[in-house]
Amino acid sequence: VILGRAIKNEYLALGTIFGTVGIAALATGGKKEPAPAAKPTLQQVKESVKVDASSREEEEFIKNFIAEAEKESKH
């Protein structure tokens, strides 16, 4: 009994189901956030990172060390 009137159980059940679906639809709708930027590729990272060495020999050593580490990680 709602407000003095008898309401069938079927109508109460349907009202509950539709109400729940309606609230869920409203909650999931709306403005979408833009997708995050794509992760940089390995090549882009290599180009953007600078080797700050005090001498030419040190720079070559660092580059060779990185190249060997990459070869080991691929295996």
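The listed residues are Val51, Val45, and the only one of them that is touching a residue at least 12 places away in the same chain (Cβ under 8 Å) and open to solvent by less than 90 Å² (accessible area, probe 1.4 Å) turns out to be Val51. Counting only residues that are at pLDDT 75 or above and more than 13 Å from the chain's Cα centre (by Cα), segment 33-42 holds 1 of them. Just to be sure, is Leu12 modelled with pLDDT of 85 or more and exposed (fewer than 10 other Cβ atoms within 10 Å of the Cβ)? Judged against the criteria, Leu12 is not a match.
For segment 64-75, residues that are open to solvent by 100 Å² or more (accessible area, probe 1.4 Å) and modelled with pLDDT of 85 or more total 2. Note on segment 48-62: residues that are in a helix (DSSP H, G or I) and more than 25 Å from the chain's Cα centre (by Cα) amount to 7.
Take Ala35 and decide whether it is in a loop (DSSP other than H, G, I, E, B) and without any contact (Cβ under 8 Å) to a residue 40 or more places away in the chain. So Ala35 passes the test.
The values are calculated or read from the model by the stated rules, or taken from the named source; none is laboratory data. Please read all numbers here as calculations on a predicted model, not as lab measurements. We place every Cβ from the backbone using ideal geometry, glycine too, and count neighbours over all the protein chains shown. The accessibility values were calculated without ligands, DNA or RNA, using every heavy atom of the protein model including side chains. Shrake-Rupley method; radii C 1.70, N 1.55, O 1.52, S 1.80 Å.
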